[in-house]
Ligand code: CTP
């Protein structure tokens, strides 16, 4: 159980603090809410008290003898401010301490996560941009707002990140930040190779394992680029998401980002072949008849060519390949994995038995992890556990 201070500032998204409190308390944490006076115009102290099971006090000048801002600041394992208004960001950037929240933030040594919410124009105003830069440079984590419906009829960037994302990101900050300063490139999902404007050749990959790796790496402090093939966008602190469709787009994105990465984790299921000539119009059954053939040509092996480039350019980057195999015999799986580790030239290979629909789309995984250095680990559990086991091995390398 961690002690978490939740600062709430005065914007329309203040009502979403209720969902954040719920998620934090349900996860077993103790939550102390500090609203600003303006936040209390949007949400009542009674609601915040009832949900947090803790008293709520926005006033610096009550109960003065307990020096409560210092006590709250020292006791906190983590401070979250959600929503954070433009005006709050300006005060935080300037170290203004004219209320209980401002004082607590100046006095704490705990990690601080702020989740801004405001209108698009205010978010992109150069004053706000400068304030965000200032607080980020001081080590405060800023979870950027999402794009979506705003207060009125309008929509755009500025919407508070989803409560689940805020809580997931915040709790990650309580973890060991052993990947700070590293850039990790992860691919996830399954490529789709177009046949015509409506049809494609695809595969069963859900992208869950790759997404879990990206989130786990970001939670451990890494800057992550997640290249997602046909998966929903993933947002979060330190995660840059690039959406791709086919193998060639994925290859371009990997090549563009590889230069700065310390690790390339190829969890995506990449199609080995693509359709040689993609039809520009929908193919018609009435025209095609009862049997057709489609010529396929080989795609580049992205992992193998990346390994070659890393060697050639002497990049400081470790590589992880995945192998989805249909061998349920452990010895056979190990043999295939060892062979793939050699043939791809990567540093680590993660092999799964995907026979009989195992793994794909599931939250659970069982993986055999082999490293060129001789390490061999079998890990079974949810995909986050498998993700952390892979990252542990990378840190060792
Ligand atoms: N991979 C890749 N580029 C491709 C195909 C695969 O980079 N064109 C990567 C995958 O992301 C994965 C690893 O190579 O990390 C192994 O993928 P897999 O499909 O299991 O292996 P293949 O090389 O396609 O071998 P095979 O189909 O014979 O099992």
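Please treat every number below as a calculation from the coordinates, not as lab data. Treat the numbers as computed from the prediction; the structure is a model and nothing was measured. Heads up, the Cβs are rebuilt from the backbone with ideal geometry, glycines too, and the neighbour counts pull from every protein chain shown.
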### Whole-Å semi-axes of the ellipsoid equivalent to segment 342-397 (Cα gyration tensor, √5λ, descending)
21, 14, 8
### Summary
Rounded to two decimals, the Rg over Rh value of segment 121-275 from Cα coordinates and the Kirkwood Rh reads 1.02
#### Entry: Relative contact order of the chain, defined on C-alpha pairs under 8 angstrom at six or more residues apart (%)
11
### Query
Based on DSSP H runs of at least 4 residues, each adding -39500 (n - 2.57), what is the mean residue ellipticity at 222 nm of the chain after dividing by all its residues, to the nearest 500 deg cm²/dmol?
-10000 deg cm²/dmol
### Query
Using a Gaussian network model of the chain with C-alpha springs under 10 Å, which one of 291, 245, 159 is most mobile by mean-square fluctuation?
291
### Message
What do you get for the angle between helix 383-396 and the principal long axis of the chain? Use alpha-carbon atoms, 0 to 90 degrees, nearest ten.
### Response
80
### Query
Could you give the angle, 0 to 90 degrees to the nearest 10, between helix 208-219's Cα long axis and the longest principal axis of the Cα atoms of the chain?
40
### Task
Using all C-alpha to C-alpha distances in segment 259-299, build P(r) with 10 Å bins and read off the rounded percent in each one.
20, 33, 24, 15, 8, 1
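Per the Kirkwood formula on distinct C-alpha pairs, the Rh of segment 3-172 is how many angstrom?
15.8
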### Message
With an 8 Å Cα cut-off and a minimum separation of 6 or more residues, compute the relative contact order for segment 3-172 in percent.
### Response
23
### Sorted peptide list for 376-385, 338-347, criterion being average Cβ within 10 angstrom, highest first
338-347, 376-385
### Query
So what are the three principal axis dimensions of segment 6-94 from its Cα atoms, in whole Å, longest to shortest?
32, 30, 23
### Bins of 10 Å, starting at 0 and running to the largest distance - Cα pair percent for segment 183-396
8, 34, 36, 16, 5, 1
### Query
Any number yet on Rg/Rh for the chain, C-alpha, Kirkwood?
1.05
### Query
Rg to Rh for segment 84-155: what is it, with Cα atoms only and Rh by Kirkwood?
0.99
### Relative contact order of segment 183-396, pairs being alpha-carbon contacts under 8 Å that are 6 or more residues apart, as %
20
### Task
Working from Cα positions, state the angle (0 to 90°, nearest 10) between the long axis of helix 163-172 and the longest principal axis of the chain.
90
### Task
Could you sort 236-244, 7-15 so that the peptide with the highest average Cβ count within 10 Å comes first and the rest follow in order?
7-15, 236-244
### Within segment 162-187, backbone nitrogen closer than 17 Å to the virtual label 7 Å beyond the Cα of residue 2 toward Cβ
163-180
